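Quick notes on the structure that follows.
The values are calculated or read from the model by the stated rules, or taken from the named source; none is laboratory data. Keep in mind it's a predicted model, so treat the numbers as computed, not measured. Note that each Cβ is placed from the backbone with ideal geometry, even for glycine, and that neighbours are counted across all protein chains shown.
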Amino acid sequence: MGSRISRRRFLTVAGGVATAIPLGSVGDATGEQLGSQEHAATPSNHPDRIVDMHIHFDEKNSNFISDLVTLAQRINLTACLLTPYPHRVQVAEAAKQYPTQIVPFGFVDLDASDVLSQVKDFHALGYRGLGELEFVKKPYVDASYLPVYELANQYGWVLLFHTGIVLRRSVDQPENVASYRMRAFHLEEIARRFPKLTVIGAHCGNPEYEWAAEVARWNPNVFFDLSGSTLTKMSARLEEFKKLFWWSGQGEWKTATPANDESAFIKLVFGSDAGLDGIEHVVSQYRSLFKSCDVPPSTQQMIMGGTLAGILRL
C-alpha cells in the first residue's frame, strides 16, 4: 500500500475521524528453519531493552532509518520494522548494519497476485516475519490466504495481524474494507493450523478485547499488542483489563507461557504503531496499565521486550 502514517497520527490529522514455551521452530536471523524444539522465551542480555513489535517504515521520511537508530540507541529500543516490499533491500541492509536496533518484517498485501513470490523474496533477505497484515478483502481464514501462512509456518516466522476496527483511508471513495474480516477470533484457527507460527494480533481486537484475551489464553503461540486507541480511550479505567486477563495464577485455565509466567498479562507484547516521536508516549501508557493492574515487575519486563527477544532469539 502507499505511504503510511500511524493510526494515532491519522486520527490527529483527521480530527478524530477515526521456563520454556513450545512455540514451535523459530527462524534465525537468516530466516532458516532451526527445527522443532522448545525454546526459552526469557529476557535478553539487556533486560531493560524495549522490543517494539509495531513500527511502520515511514516512506515519506528520507532520513527514517537514521532517525530510528538514533532514537533506538537513546531509549534502548529494538524495532520490528514493518517494511513495504519496495524498501525490502534498504531495510535488510540496515538490519545487518544495526542488528540491535532493527529486526526486519515484511509488509505484503494478502490479496496480491504475487504475494507468495514477495514472501519468498523477504525470506531470502533474512526477514523474520510479516506484518502488519490488514485491509484484506476476505476474512483472514479464507482458503486463498492459507498458502501464505503455510510458507510462513515453514520458515517459523512471526505474523502480525491487524485486529478489530480499522481506519478509513478515504471518506469520499469506495473501499472494499470491513473490520469483521479482521476479528481477533480468526487468529485462533491460524494459530492451531500452523503451530510453528507465532501469531500476534495488533490492537488486542479493539473493541473485542475479551475474544482476544481468550484466544491468547488457550494458544501458546498467540499474543496481542495494545497499540492504537485502546490505552487512550481506557486511560481512566485501565483496571478493567484485570477482568479480561483474569486467569493469573490459575494454572488449570491456561497453556504454557514464556518463562512459565503465572500472570495472564504475559500474553501481551509491546507495540507502539506510532511515529518515532510517539513511541515514548506509548511506553508511558503501558507503564500506566501495569500500575493500574498490578502487573508483576518480571511480567512487565517480558511484555516490554523479554518475550519477543526470546521468540526472535535476539
Q: Any chance you could count how many residues in segment 86-120 are crowded, with 17+ Cβ neighbours inside 10 Å and either closer than 16 Å to LEU151 by Cβ or among the basic types (Lys, Arg) (or both)?
A: 10
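Each row is one residue, and each column tells you yes or no for (1) over 17 Å from VAL158 (Cβ atoms); (2) touching a Ser or Thr at 6+ places or on another chain (Cβ under 7 Å).
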| position | (1), (2) |
| --- | --- |
| HIS56 | no, yes |
| ASN63 | yes, no |
| LEU68 | yes, no |
| THR83 | no, no |
| THR100 | yes, yes |
| PRO104 | no, yes |
| PHE107 | no, yes |
| HIS123 | no, no |
Q) On the given criteria, is GLY106 of a type outside the set (A, V, I, L, M) and at pLDDT 95 or above? A) yes
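Do you know which residues across segment 169-184 are small (Gly, Ala, Ser) and part of a loop (DSSP other than H, G, I, E, B)? Let's see the steps before the verdict.
Kept after step one, since they are small (Gly, Ala, Ser), are these residues of segment 169-184: 170, 178-179, 184.
Residues satisfying the conditions are SER170, ALA178, ALA184.
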Q) With ASP273, ASP261, ASP277, ASP294 as the choices, which residue is within 30 Å of LYS60 (Cβ to Cβ), of a type in the set (D, E, K, R) and out of contact with any His (no Cβ under 6 Å at 6 or more places or on another chain)? A) ASP277
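Give segment 287-298 a look and list any residue that's surrounded by fewer than 24 Cβ atoms within 10 Å (Cβ to Cβ) and either on the phi < 0 side of the Ramachandran plot or part of a helix (DSSP H, G or I) (or both), or say none.
Initial filter on segment 287-298 (surrounded by fewer than 24 Cβ atoms within 10 Å (Cβ to Cβ)): 287-294, 296-298.
Hits for segment 287-298 are ARG287, SER288, LEU289, PHE290, LYS291, SER292, CYS293, PRO296, PRO297, SER298.
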(Q) Going through GLY201, GLY228 one at a time, which residue ends up being in a loop (DSSP other than H, G, I, E, B) and under 20 Å from the mean Cα position of the chain (by Cα)? (A) GLY228
Q: Considering every residue within segment 62-84, establish whether at least one is farther than 23 Å from VAL283 by Cα and surrounded by 18 or more Cβ atoms within 10 Å (Cβ to Cβ).
A: yes
Q.
Regarding segment 166-179, can at least one residue be identified that is at pLDDT 95 or above, under 21 Å from the mean Cα position of the chain (by Cα), of a type in the set (A, V, I, L, M, F, W, C) and closer than 21 Å to ASP52 by Cα?
A. no
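Here's the yes/no breakdown for (1) buried (at least 21 other Cβ atoms within 10 Å of the Cβ); (2) at pLDDT below 95; (3) touching a helix residue (DSSP H, G or I) at 6+ places or on another chain (Cβ under 7 Å); (4) on the phi < 0 side of the Ramachandran plot:
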residue	(1), (2), (3), (4)
GLU239	no, no, yes, yes
LYS243	no, no, no, yes
GLY251	no, yes, no, yes
VAL269	yes, no, yes, yes
ASP273	yes, no, yes, no
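Would you mind stating whether ALA94 is at pLDDT below 95 and more than 30 Å from THR255 (Cβ to Cβ)?
Values: at pLDDT below 95: no; more than 30 Å from THR255 (Cβ to Cβ): yes.
So ALA94 fails the test.
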Q) So, in segment 168-204, of the ones that are small (Gly, Ala, Ser) and touching a Leu at 6+ places or on another chain (Cβ under 9 Å), which residue ends up surrounded by the most Cβ atoms within 10 Å (Cβ to Cβ)? A) GLY201
Q | Qualifying residue in segment 123-137 (condition: among the aromatic types (Phe, Trp, Tyr) and under 28 Å from TYR98 (Cα atoms)) | A | yes
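Filter segment 250-286 for residues that are part of a helix (DSSP H, G or I) and touching a Ser or Thr at 6+ places or on another chain (Cβ under 6 Å) and give the result. Please lay out each step first, then the result.
So the first thing to find is which residues in segment 250-286 are part of a helix (DSSP H, G or I), and the list is 251-253, 258-260, 264-267, 279-286.
Once the filter is applied, which keeps residues that are part of a helix (DSSP H, G or I) and touching a Ser or Thr at 6+ places or on another chain (Cβ under 6 Å), segment 250-286 yields PRO258, ALA259, ASN260, ALA264, PHE265, ILE266, ILE279, VAL282.
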